[in-house]
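Following: one structure in structure tokens, then a few remarks.
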Amino acid sequence: MLREQHSHGEGYSFQGMPDAVVFAETADDVADLVKLCRRHGVPVVPFGAGSSLEGHVAAVRGGVSLNMMRMNRILDVSVEALDCRVEAGVTREQLNAHLRTQGLFFSVDPGADATIGGMAATRASGTNAVRYGTIRENVLGLTVVTPSGVIIRTGGRARKSSAGLDLTRLYVGSEGTLGVITEVQVRLQGLPEAVLVATCQFDTFENAVATVTTALQSGLRLARIELLDEVQMRGCIGYSKLEGFAAKPTLFMEFHGSPAGVREDGAAMQKLALEFNGRHFRHAERPEERTLLWKARHNCYHATKWLCPGKDNMGTDACVPLSEFAACITETKQDVRDSGLIAPLVGHVGDGNFHLGIMHDRNDPDETARAEALAVRVAERAIRYGGTCTGEHGIGLHKRRFMEAEHGAALDVMRAIKQALDPDNIMNPGKMLPDRID
């Protein structure tokens, strides 16, 4: 049972069974295990909360699944410096619960209660990225166990440095293929004086997208802006019991600042939405109202499954430049209609990132093939529009095929770094980098 639980992340069941599961409690535990595995040529696959969607944690070549959840200590918090250091197994919600009494919060919010180490390894993002940035912008330094079992520290607490290669950015997003992250130094933010959440519904998806584009060009100070299409809203209304909403394209927005400032921003957004026939603009200032709305947004994955009981959700994401977002997303919506599949769309539209939940019956070969073909077209379309096959899910197993198209000759540089740091290929083998075909 334990090995099966560590054979996959969220979204797919069995993908690759480890030969053993090891729970680390210290960086020295990790270093000792890595040295032992290197000596015997045994793969090491880091495992956090298991919430990743692209097969990152599957032990496709067997070996040891290294569970980091017991490394869950918050080591240091500096209110003055607005930073803290945590072990890799600390989760996002655990950290924010600890920080709340100190007037601080950790801003990266991918929805799932992922571990900070896993978020760094997959270069996670989320709903707050439009204002506060992704995990890449919020990691100051790391402690990493290298494939040879050496413990190193990268970066530091200074907000900038010109000293040497930026090893922190090398390991952020490396998906466990270059080493095991055991500690993370992260930026913190002060809790805003006031928070205003607003929603607005539209008769057409195009008008909702135009509203977002214009709002960003106008310099409105949005902390979050999420777009749910009519299919996703139908799922959220049913699954999360949202009252007073219709199954129409809907914007979920959040403003941070002073009480007067957020009301001013909210009023400006409402006026702008009206220009694109936005209706039913509603404010939510009370914490319980805000929590209800964002919980519904974060439960989109489960709401999508509610729409199609018994079917699987093939979740995928892509990201394009804001200038290409409207065209790309409109083409994607038509592609979904042509496919004959149910595939709700939700987007972190403030930074050009969107997700599809492609519903399919894995026991139906034709439906599964159509779902996979749709996911492939989403990735290829994003690259064609000058974007990326993944804005935040990562590559893992499922998107390795797109690395050549997206990176070209730079892929050989990535392979060279992998070979130099992990010559025995024990660190999460079979992930991220496609096999070379000579």
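General remarks:
- For the stretch 111-142, a tally of residues being open to solvent by 10 Å² or more (accessible area, probe 1.4 Å) and under 15 Å from Leu167 (Cα atoms) returns 5.
- Which numbered condition Gly156 misses (of (1) more than 22 Å from the chain's Cα centre (by Cα); (2) modelled with pLDDT of 95 or more; (3) within 30 Å of Thr143 (Cβ to Cβ); (4) open to solvent by less than 60 Å² (accessible area, probe 1.4 Å)): (2)
- Residues within the stretch 315-332 that are of a type outside the set (Asp, Glu) and either part of a strand (DSSP E or B) or open to solvent by less than 20 Å² (accessible area, probe 1.4 Å) (or both), tallied: 9
To keep it simple, each residue is scored yes or no on (1) charged (D, E, K, R); (2) part of a strand (DSSP E or B); (3) within 29 Å of Asp28 (Cβ to Cβ).
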{"residue": "His98", "(1), (2), (3)": "no, no, yes"}
{"residue": "Asp109", "(1), (2), (3)": "yes, no, no"}
{"residue": "Val130", "(1), (2), (3)": "no, no, no"}
{"residue": "Leu142", "(1), (2), (3)": "no, yes, yes"}
{"residue": "Ile152", "(1), (2), (3)": "no, yes, yes"}
{"residue": "Gly173", "(1), (2), (3)": "no, no, yes"}
{"residue": "Gly176", "(1), (2), (3)": "no, no, yes"}
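- Considering residues of the stretch 224-239 that are within 23 Å of Met269 (Cα to Cα) and not basic (Lys, Arg) only, the residue surrounded by the fewest Cβ atoms within 10 Å (Cβ to Cβ): Glu230
- Residue list for the stretch 272-292, filter: open to solvent by less than 20 Å² (accessible area, probe 1.4 Å) and closer than 17 Å to Thr127 by Cβ: Ala284
- Residues of the stretch 406-438 that turn out to be over 18 Å from Leu167 (Cα atoms) and within 22 Å of the chain's Cα centre (by Cα), as a count: 9
- Those residues of the stretch 102-122 which are at pLDDT 95 or above and not aliphatic (A, V, I, L, M), in sequence order: Gln102, Gly103, Phe105, Phe106, Ser107, Thr115, Gly117, Gly118, Thr122
- Summed over the stretch 19-36, residues that are more than 28 Å from Gly126 (Cβ to Cβ) and open to solvent by less than 10 Å² (accessible area, probe 1.4 Å) total 2.
- Met403 being closer than 17 Å to Val60 by Cβ and modelled with pLDDT of 95 or more: yes
- Count of the stretch 144-153 residues which are of a type outside the set (A, V, I, L, M, F, W, C) and either surrounded by 21 or more Cβ atoms within 10 Å (Cβ to Cβ) or within 17 Å of Leu82 (Cα to Cα) (or both): 1
- Test for Ile383: is it free of Cβ contacts under 8 Å to residues at least 60 places away in the same chain, open to solvent by 10 Å² or more (accessible area, probe 1.4 Å) and outside any loop (DSSP other than H, G, I, E, B): yes
- Contact annotation: residue pairs with Cβ atoms under 9 Å, 6 or more positions apart or on different chains, pairing a residue in the stretch 21-35 that is within 19 Å of Val57 (Cα to Cα) with a partner that is assigned to a helix (DSSP H, G or I) and basic (Lys, Arg), are Val21/Arg3.
- Qualifying positions in the stretch 187-232 - more than 21 Å from Cys328 (Cα to Cα) and touching a Cys at 6+ places or on another chain (Cβ under 7 Å): Leu188
- Test: residue in the stretch 49-68 that is outside any loop (DSSP other than H, G, I, E, B), in contact with a Ser or Thr (Cβ under 9 Å, 6 or more places away or on another chain) and surrounded by 23 or more Cβ atoms within 10 Å (Cβ to Cβ): yes
- Count of residues meeting criterion [farther than 12 Å from Ala343 by Cα and not in a helix (DSSP H, G or I)] in the stretch 285-310: 5
- Residue among Leu341, Leu374, Leu397, Leu356 that alone is at negative phi and assigned to a strand (DSSP E or B): Leu356
- Against the criterion of being open to solvent by 30 Å² or more (accessible area, probe 1.4 Å), modelled with pLDDT of 95 or more, out of contact with any Phe, Trp or Tyr (no Cβ under 7 Å at 6 or more places or on another chain) and of a type in the set (Val, Ile, Thr), Ile342 qualifies.
A quick yes/no check of all residues on (1) out of contact with any Cys (no Cβ under 7 Å at 6 or more places or on another chain); (2) touching a residue at least 60 places away in the same chain (Cβ under 8 Å); (3) among the β-branched types (Val, Ile, Thr):
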{"residue": "Gly278", "(1), (2), (3)": "no, yes, no"}
{"residue": "Cys300", "(1), (2), (3)": "no, yes, no"}
{"residue": "Val320", "(1), (2), (3)": "no, yes, yes"}
{"residue": "Ala327", "(1), (2), (3)": "yes, no, no"}
{"residue": "Arg337", "(1), (2), (3)": "yes, no, no"}
{"residue": "Gly340", "(1), (2), (3)": "yes, no, no"}
{"residue": "Met359", "(1), (2), (3)": "no, no, no"}
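- When Arg234 is tested against (1) of a type in the set (D, E, K, R); (2) at pLDDT 95 or above; (3) touching a strand residue (DSSP E or B) at 6+ places or on another chain (Cβ under 9 Å), only condition (3) is not met.
- Residues in the stretch 189-202 that are surrounded by 22 or more Cβ atoms within 10 Å (Cβ to Cβ), of a type outside the set (Val, Ile, Thr) and in contact with an Asp or Glu (Cβ under 9 Å, 6 or more places away or on another chain): Leu196, Ala198.
The values are calculated or read from the model by the stated rules, or taken from the named source; none is laboratory data. All values reported here derive from a predicted model rather than from experimental measurement. So basically every Cβ, Gly included, is an ideal-geometry build from the backbone, and we count neighbours across all protein chains shown. Keep in mind that these areas ignore ligands, DNA and RNA; they rest on the heavy atoms of the full protein, side chains included. Shrake-Rupley method; radii C 1.70, N 1.55, O 1.52, S 1.80 Å.
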